[in-house]
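First up is the structure itself, then whatever we jot down about it.
The values are calculated or read from the model by the stated rules, or taken from the named source; none is laboratory data. Remember, predicted model here, so these are calculated numbers, not experimental data. Cβ: placed from backbone, ideal geometry, glycine included. Neighbour counts: every protein chain shown. Note: areas computed on protein heavy atoms with side chains; ligands, DNA, RNA excluded. Shrake-Rupley method; radii C 1.70, N 1.55, O 1.52, S 1.80 Å.
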Amino acid sequence: MSQSLNDHRPFGEVSPIMSTTSRASINAVLETAVPVAAAEEVRAIALRHFGIRGEPTRLPGERDSNFHIITEDGDHFLLRISNPVEDRQVTDFQTKLLLHIEQTDPRVPVPRIVRSVEGRPEIVLTLPGQPPSVVRLYTFLQGEPLHKTPPSRRQRWNMGGVLARIDLAIREFQHPASNHELMWDMKHAHRLRPLLVHVEDLRRRALVERFLDRFEQFVLPAMPNLRTQVIHNDLNPHNVLVAERDHDHVTGVIDFGDAVLAPLVNDPAVAAAYRNADAGHPLETVSEFICGYHAVLPLDDAEFEVLFDLVATRMILTVLITSWRAAIQPENREYILRNAPSAWAGLERFAALDRAEAHAYLRRNSRPE
């Protein structure tokens, strides 16, 4: 791990050791509105550069413009116009990551890159009145969005297993931009304290501060001893698809836009932060997900030691970053805040747990018998 992980610079101040991106690009992707493209422009791009003819439908996106295209032959694709301020090395990293998965484990249910008519995995286009953007075409995975389906123990177990398979498929992947600066990267959580001002409720603000303190006290010192690799880093309910007639069967994991080099345990922790329930033990559903992951890719003792803190840290990132972004992009407020209520509820329930007892619970219940 880089020595810069334990520093206390403001998030916007870049370490030359750890980052391949410019200072201006660190927060700019989340501060900048998504690219604007009309349906006729998207149709023309798809036909001219990828040789497909179809009708595009805009999909919601945090920082890019995404379009679902159904061709005349009934094939489905996703065309993504990346935010123009996204670092080109980062988009290349994301593209090559998916190409790597296709080579190492083609059975993993993730999107495939569709090359342009010139044989390129990504192209650069300039939309009217806008800076150049990277454009990519992906296969469109079929299935029911997870957030629209009833959860179950088997579903959580299967999701954990699929995420573990993804992590196994990319454990050897390397790229110069893999350690790019990313606000959603939990190893920088301590740098987000300035965003506390966007949490107007003082009681809630104190709750976030409490878990931030724990992150600095317990997680940061442990990071140099944790396994590190590129991870998906965003298995939230909007990035998982399940079979329409069998909601326990995972048919797709999408959106590798937050992939980054980080401690391996961060990946199941991120995903587990979205598995909290409002009944039973606060860690029951979390442990069911971790159990599925651990059955495929076992976590070690050092990783279990910080797992509870990391799950809480992801909830902290969710409430802080979305509160800030909703304030600066009110036109996209509903989409930005979609996961915040669950994160607040999870933090409230976690606050009632003794830390030592929480770790003991996860160790006891997250390992298959």
Potential lengthening between Val36 and Asp248 on full extension [0.36 nm per residue; Cα-Cα distance subtracted]: 72.7 nm
Surface share of carbon and sulfur [accessible, 1.4 angstrom probe, percent] for the range 59-144: 51 percent
Unit charges on C-beta of K, R, D, E only; dipole of the range 306-358, Debye: 160 debye
Computed E for Asn225/Val197 - FRET, C-beta separation, R0 30 angstrom, nearest 0.05: 0.35
Among [x] 40, 24, 19; [y] 72, 19, 16; [z] 32, 24, 20, the entry derived from the coordinates for semi-axes √(5λ) of the Cα gyration tensor in Å: [z]
Dipole moment magnitude, nearest 20 debye, the chain about Cα centre, only Lys, Arg, Asp, Glu C-beta charged: 120 debye
With all protein chains modelled, accessible area of Ile254 [1.4 Å, Å²]: 50 Å²
Helix-derived mean residue ellipticity, 222 nm - over the chain, DSSP H n ≥ 4, -39500 (n - 2.57), to 500: -12000 deg cm²/dmol
Exposure of Met315 as accessible area (Å², to 10), given a probe of 1.4 Å and all protein chains: 0 Å²
HN-Hα J in Hz across the range 40-49 - Karplus 6.51, -1.76, 1.60, θ = phi - 60°, x for Gly and Pro: 5, 5, 5, 4, 5, 5, 4, 6, 5, 9
Farthest positive-ward along the chain dipole, Cα basis, beta-carbon charges - from Ile231, Pro132, Val219: Val219
Relative contact order computed over the chain (Cα-Cα under 8 Å; 6+ residues apart), in percent: 18 percent
Of Pro368, Asn339, Ala326, farthest towards positive along the dipole that unit charges on Lys, Arg, Asp, Glu beta carbons give the range 299-369: Ala326
Total charge dipole magnitude, the range 282-326, about the Cα centre, Cβ charges on Lys, Arg, Asp, Glu only, Debye to nearest 20: 400 debye
Probe 1.4 Å, accessible area per residue of the chain, Å²: 42 Å²
Selection of GluC sites (Glu not before Pro), the range 63-150, meeting DSSP coil and at most 13 other Cβ within 10 Å: Glu72, Glu118
His100 accessible area, 1.4 Å probe, all protein chains in place, Å² to nearest 10: 40 Å²
Using θ = phi - 60° and Karplus 6.51 cos²θ - 1.76 cosθ + 1.60, couplings along the range 287-299 (whole Hz; Gly, Pro as x): 5, 5, 5, 4, 4, x, 5, 4, 5, 9, 9, x, 8
